[in-house]
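Remarks on the structure that follows.
The values are calculated or read from the model by the stated rules, or taken from the named source; none is laboratory data. Because the structure is a prediction, the values reported are computed rather than measured. Counting neighbours? That spans all protein chains shown, and the Cβs are built from the backbone with ideal geometry, glycine included.
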Amino acid sequence: MTTFSLDPEQTAWCAELRTLAAERLRPLAEKGEPGHVNRPLVEALGELGLLDRLFEEIRGQGSGGGPGRAASGALGLCLMRESLAYACTEAETALALQGLGAHPVHAYGSAAQRERWLPAVRAGRAIAAFALSEPGAGSDAAALSLAAEPDGSAGWRLTGEKRWISNAPEADLYTVFARTSPDAGARGVTAFLVPADRAGLTGTALDMLSPHPIGALAFDGVRVGRDDVLGETDRGFRVAMTTLNRFRPSVGAFAVGMAAAALDASLAHTAERDAFGGKLKDLQSVAHQVAEMATRTEAARLMVYAAAAAYDAEGAAEPRGPGTARRAAMAKLLATETAQYVVDTAVQLHGARALQRGHLLEHLYREVRAPRIYEGASEVQRTIIAKELYDQ
């Protein structure tokens, strides 16, 4: 396999995922309540074995009859997210949030932490969340202020707030990043695994544009012990960044899936719509717009695949070598900005019908905006790219 093309096995797997998303997952998504965790949908992802794929690294052969390389590693994650997003964005988001919330447990958790939580996460019975952002620390993650105050030899007490946390306040477990060393910047952050039923932890839902749940968490002296630490004390920023570096290219894949859906809808509409004595596609201005949409979508797709393949090529190396963060940032930046352009152009080509509630493009128009902000806004991605370029 080259960086720039998929082999037949991978292409077939993507087609299978699109079919599964359309026929089995979309009906469950349609029954869900916006702003709340759709537990039947998450459980279906577990039953189909898709949540298992979140925690698999590159392997040579598949298991259980499924594709091997296509189904594993960062590239496998990208193929899943793109394919699911094309047919059911709710399923894609539910899968991605399980991975983002539980990957730190998989990668940095103790044997006891993994045994306690990962089987339930993989099965879709436990909902995970990644709690990094705060009211005053969104893009500048190193500035977080949730305080982990020493509580004798037993551990710490968490006091403060997290905000804009996907799956909050309905998750069953949270990967929480708190400051264990004041005034130490990124070097004074520790990652904790905090069950949702821990005393002193409360949450409220936020009314957001995105259809999946997003909320705020309040920590009122929540006790965490040394058994709750993920990785090492004061090394939590590394946990956060390695998790984001793994998932950033796949945010781009989510965006590519939405762009592809908008592009295909535009191709069908402009080929069928009568206007000005012919079909819309016969107007050069329209045809050129569609060509631009297709070119940008394909360019974004290739950059996403290249970033994921580069991540996988480094295997178990930790931290990843120079360039990995830059490629991930480039992939997320280009793909999310491209998807915004493609979906917006598709709405323009469809006209008023695309703004009607329930239309595919109305749905995509609401979905496409958030990825340019979460897991590092576009401006943050440009900062990462520039810093690595100048540090070469």
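Points to keep in mind about this one:
- Subset of region 153-178 [at negative phi, buried (at least 22 other Cβ atoms within 10 Å of the Cβ) and not basic (K, R)]: W156, L158, I165, S166, A168, A171, L173, Y174, T175, V176, F177, A178
- Against the test of being more than 22 Å from G257 (Cβ to Cβ), in contact with a helix residue (DSSP H, G or I) (Cβ under 7 Å, 6 or more places away or on another chain) and either at pLDDT 95 or above or of a type in the set (A, V, I, L, M, F, W, C) (or both), the options A316, A325 yield a single qualifying residue, A325.
- Whichever residue in region 216-239 is of a type in the set (A, V, I, L, M) and out of contact with any helix residue (DSSP H, G or I) (no Cβ under 9 Å at 6 or more places or on another chain) and, among such residues, is nearest to R187 (Cα to Cα): V224
- Residues of region 254-313 satisfying the condition of being outside any helix (DSSP H, G or I) and either out of contact with any strand residue (DSSP E or B) (no Cβ under 7 Å at 6 or more places or on another chain) or not assigned by TED's automatic domain parsing to the domain that holds L334 (or both): D274, A275, F276, G277, G278, K279, L283
- Filter result (in a loop (DSSP other than H, G, I, E, B) and not aliphatic (A, V, I, L, M)) within region 154-175: N167, P169, E170, D172
- Only listed residue being at pLDDT below 90 and at negative phi, chosen from P213, P182, P150: P182
So that you can scan it fast, the table gives a plain yes or no per residue for (1) among the basic types (K, R); (2) in a strand (DSSP E or B); (3) under 22 Å from the mean Cα position of the chain (by Cα):
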position: R198; (1), (2), (3): yes, no, no
position: D207; (1), (2), (3): no, no, yes
position: D227; (1), (2), (3): no, no, no
position: D234; (1), (2), (3): no, no, no
